[in-house]
Amino acid sequence: PEGLVGPEHYELVTTPLAMALSAGEVLVEARWWSVDPYMRINQSLKPTYNELPHALDTVQTAGVVGRVMASSVPTLAVGDWVEGMLGWQTHARVHHSVLRKLDPTLAPPSTALGVLGMPGRTAWFGLMESGRPKAGEVV
């Protein structure tokens, strides 16, 4: 959309939850969703770093932290915390390769969407690679 984005640009849809998993799939229940500036850029028709704008009538792309509800792979068990680009939805059935397993004993799982996630990496690389601070400088 042009201009400000409002509620009229979104739709809340309820669909049945298919519990049957194919080989390699995991069912994740979302607990935290990201809301980031790049989303508005992707909603325009202008070319972006993703090349294509966000398609209409699809789930809004977003980082998600959630818990595994069902798994067909031995590396992810029910109850495990995971992070991935699962979008603004309460549940996602995805291939395990798009998920990153989180260790809640190291940091709260929600930090995977902030300081220990994409925003944190962006800040660190922006400061250290582009800013290149030197001893004695005030940041």
About its Cα centre, how strong a charge dipole does the chain have in debye, to the nearest 20, once Lys and Arg get +1 and Asp and Glu get -1 at the Cβ?
380 debye
Tell me the net charge near ALA70. Cut-off is 13 Å between Cβ atoms, ALA70 excluded, with +1 for each Lys or Arg and -1 for each Asp or Glu.
-1
In nm, to one decimal, how far is the modelled label at TYR10 from the one at MET39, with both set 7 Å along Cα→Cβ?
0.6 nm
Classify the chain as rounded, prolate or oblate from the Cα gyration tensor: take a ≥ b ≥ c as the square roots of its eigenvalues, call it rounded if a/c is under 1.5, otherwise prolate when a/b beats b/c and oblate if not.
oblate
What FRET efficiency comes out for LYS134 versus LYS101 if R0 is 30 angstrom and r is the Cβ-Cβ distance? Round to the nearest 0.05.
0.20
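Just check the range 67-119 against the gyration tensor rule for me: Cα atoms, a ≥ b ≥ c as the square roots of the eigenvalues, rounded for a/c under 1.5, and otherwise prolate or oblate depending on whether a/b exceeds b/c.
Oblate, since a/c reaches 1.5 and b/c is not below a/b.
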When every alpha-carbon pair in the range 96-139 is counted, what percent end up more than 15 Å apart?
58 percent
Per residue accessible area in Å² of the chain, where ligands, DNA and RNA are left out and the probe is 1.4 Å
69 Å²
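If I compute solvent accessible area with a 1.4 Å probe over the protein chains, what percent of it on the range 10-139 is carbon and sulfur?
62 percent
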Around TRP81: net Lys/Arg minus Asp/Glu count, Cβ-Cβ under 10 Å:
+1
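The values are calculated or read from the model by the stated rules, or taken from the named source; none is laboratory data. All values reported here derive from a predicted model rather than from experimental measurement. Positions of Cβ are backbone-derived with ideal geometry, glycine not excepted, and every protein chain shown enters the neighbour counts. For accessibility, only protein heavy atoms count, side chains too; no ligands or nucleic acids. Shrake-Rupley method; radii C 1.70, N 1.55, O 1.52, S 1.80 Å.
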